[in-house]
Amino acid sequence: YDISADKGERSRDRHKSRSKDSRSEKSVTINTPPAEPLLGDSSVRGEQVQDDNWGETTTAVTGTSEHSLSQEDIVRITKDLEDSVGLDCRRYVTRTIAVILGLLVFLTPLAFLVLPHILWPEKLQSCGTACEGLYISVAFKLLILLLAVWALFFRPARAGLPRVFVFRVLLAVLVFLFVVSYWLFYSVRILDSQDDNYQGIVQYAVSLVDALLFIHYLAVVLLELRQLQPCFSVCVTRSSDGETRHYNLGQLSIQRAALAIIEHYYCDFPIHNPALLSASKSRAAKHLAGLKVYNVDGPGNNAAAGMAQSQSRAMIAAAARRRDTSHNELYYEEAEHERRVRKRRARLVVAVEEAFTHIKRMQEEEPKKAPGDVMDPREAAQAIFPSMARALQKYLRTTKQQHCHSMESIQQHLAFCITNNMTPKAFLESYLTPGPTLQYGKDHWLGRRWTLISEASVTNGLKDGSVFVLKCVDFSLVVTAKKIPYIQMSEEYIDPKSHKFVLRLQSETSV
Amino acid sequence: MSFVPGKPVTAVVQKIEIQKLRQGDNLILGFSIGGGIDQDPGQNPFSEDKSDKGIYVTRITPGGPAEVADLRVGDKIMQVNGWDMTVVTHDQARKKLTKKKEEVVRLLITRKSLEEAVKHSKGCHPRQ
């Protein structure tokens, strides 16, 4: 019964598409039959001469041959070189500057304490109790500073941003100037004059370490705390299929906001599937193919731009006039697809559930079976995979996901589910709904480069109405930022005793 | 027909006399009442003013003593045997109507059509 119903629907579809094609052939044509359609690549490149026999006599100049490099290739190669050398260079430079600054910061207080002992040991006053107490204070504060700097600055870099991180540069400059000014004071007032008050020198070193701890506090506030309070609501839309998400971000520069958004993208957006977009593209192509526009006026009449304009105007007018029934086709096609997907899904669920009943976790108390019967998860997965493979493959083909999952990855996932005592439904979940990008094999996201396209400078802060685009090879993410409005809240007090109720009756009595 | 506290209530009334019918041990009048000062006046379908808490006739048993005496659905009962019915609770009204010792009840009822009739007659025949 089912098979015949399928066949009937398929033949109906075929009949429909045939009739649609015959209808589309009755397009708006304004004559000369032997002429080539002017809607082609040639018109895009702006050829002026409209010779009817041009196809036979022209020699075509192609972009590249096998042995030559086109202009685009050269540009691309130099850009690649630049990029790879540029980024590595910058990372090393940053690291070296950070290490030099760190050494400067840590060795300065120690130098302040040690230098008097080296240069004028005889004149120096001996260190009393208070002074030795300060030694301990210097030691512990330096230790705390060391741990704090390690925690805040020496984390693995998670991204390479296009421009420098403004706050870090400011802080580095501040620390450098600070230490240099302390050194200046020290060398002029203490080294030159060979001051003998050692306690004063130790106090001076302690004040340096205190000030460095305060600068570190400033660094924590500027780099970490300031952007925690949400200030902007950003709307992120993927250009290929319109998936939209909203996030709350604090006050960040555009490049840091872009970084945060990309990290959210990998976690929230379902994987980009180019196979799902082919349907709308084919519909658009059918729209264009149905119309043919011929220029009745002779060659050399208008400028190329005027010609293109009149062509497009004629096309739009013709498209508006003819009765387009492609919406009908779309409706039936989508309904049919929905039915097919649901049927395949039902078959798949049944097949997987049945497959899972074939294996069982072996209990420890059971009498030991022969070694041939006992399997590890991988072997168990391989044993039950064939019974569900066909149903799974058909389902993936119908939902156009077959390129996201290789057989190896499916078996691995099955072994993983078996090991962790998951139900068939849990196993199927990653195939029934498209998951975030990182869930799939490495080739889907490894080596992906993002380009930030923005009209404002990327180190500017986010503002209300900022728009920027994060471009990737296959698609782009369009980001719009809106300021979260100022929230005015007022309070209203309700006395708990004020909750009182009355009965509303309407009785009727017969007398 | 609504009352303003402190001001006297005026209405055009009709006197209706109902003979109670004996059914076994009970004396019945053959109609149902609704309303009262302890009830919700907003749910009264017969009153013009939805804050009127008076006693209204909500149903008449066909063929009963009330129907015979020309009592109609929607009539507002103003007095029962001299007892006021405009400011009473539902239960007090029921008690005044179902006294076992009385065999006849004399009601003063008012209805919209009475007011209209009086106005009409006044208008048609102005006093000379």
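One table, with the values for the structure above:
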read-out: Unmet requirement for B:M85, which otherwise passes all of (1) farther than 23 Å from A:L503 by Cα; (2) at pLDDT 90 or above; value: (1)
read-out: Neighbours by Cβ (under 9 Å, 6+ apart or cross-chain): first from the stretch B:110-123, closer than 17 Å to B:E48 by Cα; second of a type outside the set (V, I, T) and in a strand (DSSP E or B); value: B:T110/B:Q14; B:T110/B:K76; B:T110/B:M78; B:R111/B:Q14; B:R111/B:K76; B:L114/B:Q14
read-out: Total residues in the stretch B:15-58, condition away from chain A (no Cβ under 12 Å), farther than 23 Å from A:V502 by Cα and crowded, with 17+ Cβ neighbours inside 10 Å; value: 1
read-out: Residues that are in contact with a helix residue (DSSP H, G or I) (Cβ under 7 Å, 6 or more places away or on another chain) and within 30 Å of A:L462 (Cβ to Cβ), drawn from the stretch A:479-511; value: A:V479
read-out: Filtered residues of the stretch A:247-295 (kept if modelled with pLDDT of 70 or more, over 30 Å from A:Q401 (Cα atoms) and either assigned to a loop (DSSP other than H, G, I, E, B) or in contact with a His (Cβ under 9 Å, 6 or more places away or on another chain) (or both)); value: A:G250, A:Q251, A:L252
read-out: Single residue of the stretch B:59-72 satisfying the filter (surrounded by fewer than 16 Cβ atoms within 10 Å (Cβ to Cβ) and within 13 Å of chain A (Cβ to nearest Cβ)) that is nearest to B:D40 (Cα to Cα); value: B:R59
read-out: Unmet criterion (only one of (1) charged (D, E, K, R); (2) in contact (Cβ under 8 Å) with a residue 60 or more places away in the chain; (3) in contact with a Phe, Trp or Tyr (Cβ under 8 Å, 6 or more places away or on another chain)) for A:D474; value: (3)
read-out: Within the stretch A:425-511, strands (runs of 3 or more DSSP E) holding 1 or more residues that are within 14 Å of chain B (Cβ to nearest Cβ) and charged (D, E, K, R); value: A:508-510
read-out: Unmet criterion (only one of (1) without any contact (Cβ under 8 Å) to a residue 24 or more places away in the chain; (2) under 19 Å from A:A257 (Cβ atoms)) for A:S239; value: (1)
read-out: Unique match (being at pLDDT below 90 and not hydroxyl-bearing (S, T, Y)) among A:V473, A:V478; value: A:V473
read-out: Matching option when the condition is within 21 Å of the chain's Cα centre (by Cα), over 25 Å from A:A159 (Cβ atoms) and not aliphatic (A, V, I, L, M), among A:D210, A:D241; value: A:D241
read-out: Among the residues listed as A:K360, A:K394, the single one being not in a loop (DSSP other than H, G, I, E, B) and not aliphatic (A, V, I, L, M); value: A:K394
read-out: Flag if B:L108 is among the hydrophobic types (A, V, I, L, M, F, W, C) and away from chain A (no Cβ under 12 Å); value: yes
read-out: Residue in the stretch A:413-424 that is closer than 24 Å to A:V341 by Cα, assigned to a helix (DSSP H, G or I) and in contact (Cβ under 8 Å) with a residue 60 or more places away in the chain present; value: yes
read-out: Test for A:E82: is it at pLDDT below 90, assigned by the TED database to the domain that holds A:A205 and in a helix (DSSP H, G or I); value: yes
read-out: Qualifying positions in the stretch B:1-34 - touching a helix residue (DSSP H, G or I) at 6+ places or on another chain (Cβ under 7 Å) and more than 19 Å from B:N81 (Cβ to Cβ); value: B:V12
read-out: Qualifying positions in the stretch B:73-100 - among the basic types (K, R), over 28 Å from B:G6 (Cβ atoms) and away from every other protein chain (no Cβ under 11 Å); value: B:K100
read-out: Qualifying residue in the stretch A:437-449 (condition: more than 28 Å from A:V478 (Cβ to Cβ), within 29 Å of the chain's Cα centre (by Cα), of a type outside the set (F, W, Y) and surrounded by fewer than 15 Cβ atoms within 10 Å (Cβ to Cβ)); value: no
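The values are calculated or read from the model by the stated rules, or taken from the named source; none is laboratory data. Because the structure is a prediction, the values reported are computed rather than measured. Reconstructed Cβ throughout: ideal geometry from the backbone, glycine too, with neighbour counts over all protein chains shown.
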